[in-house]
């Protein structure tokens, strides 16, 4: 069962996709992949999360008895609306850990004290994570280009996760670290 949906709601979605459970599961995975691509093409942060939200909304509509003639077209319309909501979010969560570290240091107007505060906050926020989360996020953002891809593939295999699940987990950790750093820097600046 998909998190966030009750068993009946998820069952109504699967039944709508196909009467055969196995084929319904395959259709579900294909629909999810298409929605992830939809969000990726639009450079939305956390495409997997938004694809899941889209599917959740559609499944709830189906469970409520809404008649949907063309499920795929309906999903794309819901995805378009979710994307518009994402565009209005006050905080853009798509900031790589590397960018969180590098950007403040590359700005000429930052003083050495500001840079030290920022790095100190980063260290504090990383040390506040559970050891397995800290290890995951550090390993996830190591290397560049092909080496980075291979490292992430190996990391997903070692953790017994699909690539999408690993990406999801890393993005949530990155967002958590970003919020922690902003709060820490703000608190440090107020002192």
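Of note:
- Some residue of the range 85-97 being modelled with pLDDT of 80 or more and touching a helix residue (DSSP H, G or I) at 6+ places or on another chain (Cβ under 7 Å): yes
- Residue 36 being in contact with a helix residue (DSSP H, G or I) (Cβ under 7 Å, 6 or more places away or on another chain), over 15 Å from residue 8 (Cα atoms) and touching a residue at least 12 places away in the same chain (Cβ under 8 Å): yes
- Of all residues in the range 7-27, exactly one satisfies the criterion of being free of Cβ contacts under 8 Å to residues at least 40 places away in the same chain and buried (at least 19 other Cβ atoms within 10 Å of the Cβ), namely 14.
Every residue, every condition in (1) on the phi > 0 side of the Ramachandran plot; (2) in contact (Cβ under 8 Å) with a residue 60 or more places away in the chain; (3) buried (at least 19 other Cβ atoms within 10 Å of the Cβ), yes or no:
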site	(1), (2), (3)
44	no, no, yes
54	no, no, yes
57	no, no, no
65	yes, no, no
73	no, no, no
76	no, no, no
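- Residues in the range 156-174 that are out of contact with any helix residue (DSSP H, G or I) (no Cβ under 6 Å at 6 or more places or on another chain), part of a helix (DSSP H, G or I) and closer than 21 Å to residue 46 by Cβ: 159, 165, 167, 169, 171, 172.
The values are calculated or read from the model by the stated rules, or taken from the named source; none is laboratory data. Quick caveat, the model's predicted, so the values are computed rather than measured. Using ideal geometry, Cβ is built from the backbone for each residue, glycine included, and neighbour counts are taken over all protein chains shown.
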